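As structure tokens, the structure follows; a few thoughts come after it.
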Amino acid sequence: MGICSSCDSTHVATAKIILQDGRLQEFSYPVKASYVLQKYPASFICNSDEMDFDDVVSAISDDEELQPGQLYFALPLSKLHYPLQAEEMAALAVKASAALMKSSDKCGCRKKSVCPVKFSGDTSTRKVTSDQSGSGARLKRGGRRKFTAMLSAIPE
């Protein structure tokens, strides 16, 4: 328990990028998208809050600074200006969740919670994105299917 308390008390908000290979890269200082793209020239950076089902994926400007507390994805250039399918969104969510869980393990305080997502054939949908602190999920309307997050905690 003591490790978690000391870890949480020194937490600094970072800009987080989920890379194509599933690794997480964090920046605790101001950095422009162009800096990241120097290492990954076949990629573009998109803001997770701007992504939606069956909507065109757009890149942030090369001159835009990555914002602390925000989650970004580095995607292949082939995905730029093409609609993001539900299956692709789900794969990105799984990749981000795994990367964020690995990141939280670094200080020895892995959060023990479960967040399953239910799929149904309803005509409305909800988009699950990370919140500003990176510790939970936020739901956003749009698209065709309905996604419902069922949150629960497992007591230690």
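A short reminder: the numbers here are calculations on the coordinates, not readings from a lab. All of these numbers come straight from a predicted model, not from anything done at the bench. Cβ atoms come from the backbone with ideal geometry, glycine included; neighbour counts cover every protein chain shown.
Listing for the model above:
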item	result
Spin-label model distance (nm) - GLU50 vs SER103, 7 Å beyond Cα toward Cβ	1.9
Extension gain from VAL31 to SER78, taking 0.36 nm per residue of separation minus the Cα-Cα distance	14.5 nm
Amide H contacts under 5 Å for GLN67, placed H, 5+ residues apart	none
q = 0.12, 0.24, 0.26 Å⁻¹, segment 36-100: log10 I(q)/I(0) [Debye, one scatterer per Cα]	-0.29, -1.18, -1.34
Distance between modelled label sites at GLU64 and GLU87, nm, 7 Å Cα→Cβ extension	2.8
